[in-house]
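Engineer: Mind having a look at this structure? Questions to follow.
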């Protein structure tokens, strides 16, 4: 997989973002969603790389070529989840129908000592979980790169300053130490595990009929700290509906160093299998707008 996702610049400016946020907070979700149509049109006209990536992915998941209508729907789904972050972060969950599947898996994860790794992907909304953690006071830390999409993230996080306290910056030198401390204090540590960064160890796995690289770091971390791994998928289902799924991937990895690599690779492949399952369940929720399979040029 190309490592170009971190180099993709933000396409919005500060004034536009603040305007949309003002409209969202003062005129409501129904009115603000009307602005998503011209936003999608703008990206269709000015983001050829994202449009191409969307076409390539959708053709792969549907098994046939797709047109701009499907690409527009794909971009609209992404835009809708970004807008919904405004309401999740300002504790307006009552606007939504949140269907939680296998809630007991997550409750067991929170209840046990020693913490756990909560592993997600760029499929649907991970933000719905982060905002629920802040507003319902369960222990969660998020591993992420603050520098990526910094403009929109900083504006959205300003809606709820407590969000900043949930973040461990993966770009910081002490990120591993802070992660260890959080786990020892019983936190669930959440992260997204479907993008490889420059220089990171990865494994080629089968996804939608072709090979793509996945980072080994998330499950290596779980193996080193010997914590359970729970998968999370927050799928946007249209309108005001989200389906939230929890699955236990592995109860605990206990292999010694000689067998750790083999075990990490095995569970990474299982993680990718579950990604494919949920991709097919909600195909327009896939938000990796770049050459994910590294099999076309330009």
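The values are calculated or read from the model by the stated rules, or taken from the named source; none is laboratory data. No experiment lies behind these values; they were computed from the predicted model shown. Neighbour counts are summed over all protein chains in view; Cβ atoms, including those assigned to glycine, are modelled from backbone coordinates with ideal geometry.
Engineer: Among the numbered criteria (1) surrounded by fewer than 20 Cβ atoms within 10 Å (Cβ to Cβ); (2) without any contact (Cβ under 8 Å) to a residue 60 or more places away in the chain; (3) not in a strand (DSSP E or B), which single criterion is violated by residue 204?
Structural biologist: Status for residue 204: all satisfied but (3).
Engineer: Taking the residues in the stretch 81-108 that are touching a strand residue (DSSP E or B) at 6+ places or on another chain (Cβ under 6 Å) and either in a helix (DSSP H, G or I) or without any contact (Cβ under 8 Å) to a residue 24 or more places away in the chain (or both) as candidates, determine which candidate is farthest from residue 248 (Cα to Cα).
Structural biologist: 81
Engineer: Just for the stretch 109-125: of the residues that are touching a residue at least 24 places away in the same chain (Cβ under 8 Å) and in a helix (DSSP H, G or I), which one is nearest to residue 158 (Cα to Cα)?
Structural biologist: Residue satisfying both the conditions and the ranking: 110.
Engineer: Of these, 113, 139, which one is under 19 Å from residue 227 (Cβ atoms), surrounded by fewer than 17 Cβ atoms within 10 Å (Cβ to Cβ) and touching a strand residue (DSSP E or B) at 6+ places or on another chain (Cβ under 8 Å)?
Structural biologist: The unique qualifying residue is 139.
Residues checked against (1) at pLDDT 95 or above; (2) surrounded by fewer than 15 Cβ atoms within 10 Å (Cβ to Cβ); (3) under 23 Å from residue 252 (Cβ atoms):
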site: 169; (1), (2), (3): no, no, no
site: 181; (1), (2), (3): no, yes, yes
site: 212; (1), (2), (3): yes, no, no
site: 221; (1), (2), (3): no, no, yes
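Engineer: Sticking with this structure for a sec: Only one residue in 81, 46 is within 20 Å of residue 158 (Cβ to Cβ) and modelled with pLDDT of 85 or more. Which one?
Structural biologist: 81 is the lone residue from the list that is within 20 Å of residue 158 (Cβ to Cβ) and modelled with pLDDT of 85 or more.
Engineer: Please indicate, with yes or no, whether at least one residue in the stretch 184-201 is surrounded by fewer than 19 Cβ atoms within 10 Å (Cβ to Cβ), assigned to a helix (DSSP H, G or I) and at pLDDT 85 or above.
Structural biologist: yes
Engineer: Sticking with this one: Where in the stretch 24-76 are the helices (runs of 4 or more DSSP H), entirely inside, with at least 3 residues that are over 20 Å from residue 241 (Cβ atoms) and in contact (Cβ under 8 Å) with a residue 12 or more places away in the chain?
Structural biologist: The qualifying helices (runs of 4 or more DSSP H) are 36-46, 48-62.
Engineer: Just to verify a result, which residue in the stretch 251-297, among those that are without any contact (Cβ under 8 Å) to a residue 40 or more places away in the chain and part of a loop (DSSP other than H, G, I, E, B), is surrounded by the fewest Cβ atoms within 10 Å (Cβ to Cβ)?
Structural biologist: 297
Engineer: When the stretch 223-244 is examined, which residues are found to be assigned to a strand (DSSP E or B) and either surrounded by 20 or more Cβ atoms within 10 Å (Cβ to Cβ) or at positive phi (or both)?
Structural biologist: Within the stretch 223-244, 229, 230, 231, 232, 233, 234, 235, 236, 242, 244 qualify.
Engineer: Somewhere in the stretch 216-226, is a residue within 14 Å of the chain's Cα centre (by Cα), in contact (Cβ under 8 Å) with a residue 40 or more places away in the chain and over 22 Å from residue 74 (Cβ atoms)?
Structural biologist: yes
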